[in-house]
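Reading through the structure tokens given below for one structure.
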Amino acid sequence: MGSIVTKLSTAFGSPERIMVLGLGGAGKTTVLYRLKFGTALPMVTPTVGFNIETLTPQDGAVFKVWDIGGGSQAKYMWKRCLQQSKGIIYVVDSSDRDRFDESQEELSFLLDSSNSENIPLVVLANKRDLPGSAASTEVAQALALQEYTGRRMWHVQTISATTGDGLEEAIDILCSFIKDSEQRTR
Ligand code: G3D
Ligand code: MG
């Protein structure tokens, strides 16, 4: 299997900048690793802060990965970065209902405080391999995504970053959203 991200460059002819955001532990690093290498992450190094990982244009798309939450000051810095992005990937641990509220608050802060309504959102409801993980409808509700209907393109895709299940579908949807938003703003 080739790298999934090459789809993005194939779709757009040039590398696109995608923000990958979510609370610490949601699975962002694991997602990034799988996008880049198409395999599971051999070892995860805990990361704190922001702008910590990127995929480069040679990989087909520029992915900026930022940890949010926990009172991080970084969130005041990613607004500008967000406005320059073509798409937002928001990663949620779908097995950790205790953090749904915090995840929702961070997401709404992100979306409401930046001038970014034209930027599509794909939520990765990660860790679907774990028993009892929330379905996409539950995650959509927990994140109050209905509020954005009609204002922003959004979709929730359940995935497992460790097995890769669902990730390709998620990237396909992001590609089609980005194409749609570019046609609208043209
Ligand atoms: P982050 O970058 O968002 O902080 P990480 O998150 O990618 O570091 O992942 C946090 C933990 O969740 C890691 O476990 C990782 O292996 C695990 N994880 C990520 N994706 C999945 C998944 O799809 N399924 C399962 N079961 N676990 C996943 P550790 O134990 O290293 O903290
Ligand atoms: Mg990480």
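The values are calculated or read from the model by the stated rules, or taken from the named source; none is laboratory data. A quick note: this is a predicted structure, and the numbers were derived from the prediction, not measured. Cβ coordinates were reconstructed from backbone atoms using ideal geometry, including for glycine residues, and neighbour counts include every protein chain displayed. What goes into the accessible areas is simple: the full protein's heavy atoms, side chains included, and nothing from ligands, DNA or RNA. Shrake-Rupley method; radii C 1.70, N 1.55, O 1.52, S 1.80 Å.
What to note about this one:
Conditions (1) touching a residue at least 24 places away in the same chain (Cβ under 8 Å); (2) open to solvent by 10 Å² or more (accessible area, probe 1.4 Å); (3) away from ligand 1 (no atom under 16 Å from the Cβ); (4) not in a helix (DSSP H, G or I), marked per residue:
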| site | (1), (2), (3), (4) |
| --- | --- |
| Ser103 | yes, no, no, no |
| Ser108 | yes, yes, yes, no |
| Ala125 | yes, no, no, yes |
| Asp129 | yes, yes, no, yes |
| Gly132 | yes, yes, no, yes |
| Gln146 | no, yes, yes, no |
| Val156 | yes, yes, no, yes |
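- Annotation: of all residues in the stretch 82-101 being within 16 Å of the chain's Cα centre (by Cα) and polar (S, T, N, Q), the one that is surrounded by the fewest Cβ atoms within 10 Å (Cβ to Cβ) is Gln84.
- Cβ-Cβ under 8 Å pairs, at least 6 apart or on other chains, the stretch 172-183 side among the charged types (D, E, K, R), far side in a helix (DSSP H, G or I) and open to solvent by 50 Å² or more (accessible area, probe 1.4 Å): Asp172/Lys7
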